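Values in this text are rule-based calculations from the coordinates and carry no lab data. The structure displayed is predicted, hence computed values, not measured ones. When we count neighbours, we look across all protein chains shown, and the Cβ atoms used for this are built from the backbone with ideal geometry, even at glycine.
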Amino acid sequence: MQDVIIVGGGYAGMAAALQLVRARRRVLVIDAGQRRNRFASHSYGFLGQDGADPARIAATARDQLQTYPTLTWVEGQVIDAGGDKDAFHVTLDSGDRHPGRRLVFATGLADQLPPIAGLAERWGQTVFHCPYCHGYELNQGQIGVIATGPMSLHQAQLLPEWGQVTLFTNGVLTLEGADRADLAQRGVTIEETPLAQIEGQATVALADGRRQDFAGLFTAARSVPASPVAEQMGCALMETPMGVQIQTSQRKETSIPGAYACGDVARAPHSLSLAVADGAWAGAQLHHSLVWPQG
C-alpha cells in the first residue's frame, strides 16, 4: 500500500512527489513519458533554467527524486483507477495493479491543433501558444496569429509587445467594429483570406497564392486532459477559455475525496513555472490530509 499514487511524472507530478517524499511518505509515480512540451527544444521563462532543454530539466528532476528511498517510479500507462479515500487502486496497461491511500492526477493536457497542413510539424519549434515562453526569442520580428476562436483575439492584442502582428481570422473568428478598432490602435494587421498551409520555417501560404514570412506563429490550441482516467473514475471536469480541465478545490482536491489533480490538467493558464508551483502546492495539501484525515 502506497501513501500516494501519482499518475503522471511530468513537472507537476514530480513537484508534488518531492514534497511528499521529503515528508518520508511512500510515493509511487507512474509515467507514460509523454510530456506536453516534448516538441520544444528550449524552455524559457522558468527561473534558474531559462533556455534549458525541457527534457534535461525533467531528467534532472527525476534523478533527484530517485535519491529518496520512499519513491517508486514505474514507466507505464494507467488505464483504470477506482476505489475510495484510503483504498484507491490503479491498473496499468501491463495488467499490474497498485493500491494507494491517495491519488494525484498530473496527466497533463493534449493540444488540439487547428487542421492546417504543416502546422503540427512545427508545433513547439516555430508555432507556439505562449508569448511569455517564446516571444522574446522572435526579436521583435513579424509574428502571425492563427485564429482558432475567441482566445485568438486576446493573443493578437497581447503579442504586439513582442513584434509586429498579423491576425489570420481563417474563417473562424468574426471581428466586430470595436475589436477591429482596438487591434488597429495596437498596430495589428487583419488578414481574412483563409490559410492553405504552413511552409518553410514559419511561412504562411494563403488560399489566394500569397505567402507571408514570419519569425514565429502563435495559435490558441484547445486543450483536453491527456488521459481519460480521471473522468472515467468520476472526477468532475470544467470548461475554461483554453479547453477542458479537472475541477479542483483550492487544496487541489477533485470532486472525489482523497483524489487530487495538479499542473496543466487542473489549472489555467499553463506554463512550466505554474505547473511546478501547482504540483508543490498539491503535494503539501495532500500531505496535510494524511496528517489530519478529518480536516
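Quick notes
- Sequentially through region 184-201, phi angles give Karplus couplings (6.51, -1.76, 1.60; θ = phi - 60°) of 4, 5, 8, x, 8, 8, 9, 10, 9, 5, x, 7, 9, 5, 9, 10, x, 6 Hz, Gly and Pro residues having no value and appearing as x.
- Assigned charges on the beta-carbon of Lys, Arg, Asp, Glu; region 149-202 dipole about Cα centre (debye): 60 debye
- Helix-only mean residue ellipticity at 222 nm for the chain, each DSSP H run of n ≥ 4 adding -39500 (n - 2.57), per residue, nearest 500: -7000 deg cm²/dmol
- When both bridge partners sit in region 114-219, DSSP labels roughly 30% of those beta bridges antiparallel.
- 0 to 90° range, to nearest 10: angle between helix 11-21 axis and the chain longest Cα axis: 20 degrees
- Each of the peptides 205-215, 280-290 was scored by the mean count of other Cβ atoms within 10 Å over its residues; in descending order, highest first, they stand as 280-290, 205-215.
- Estimated dipole of the chain in Debye, rounded to 20 [Cβ of Lys and Arg +1, of Asp and Glu -1, Cα centre]: 920 debye
- When the P(r) is computed for region 114-219, the part past 24 Å accounts for 14% of the Cα-Cα pairs.
- Each part reduced to its alpha carbon centroid, region 122-172 and region 228-294 end up 29 Å apart.
- Across the chain, the relative contact order, built from alpha-carbon pairs under 8 Å that are at least six residues apart, equals 22 percent.
- Viscosity 1.567 mPa s, temperature 4 °C, Stokes-Einstein D of region 1-98 from Kirkwood C-alpha radius, µm²/s: 90 µm²/s
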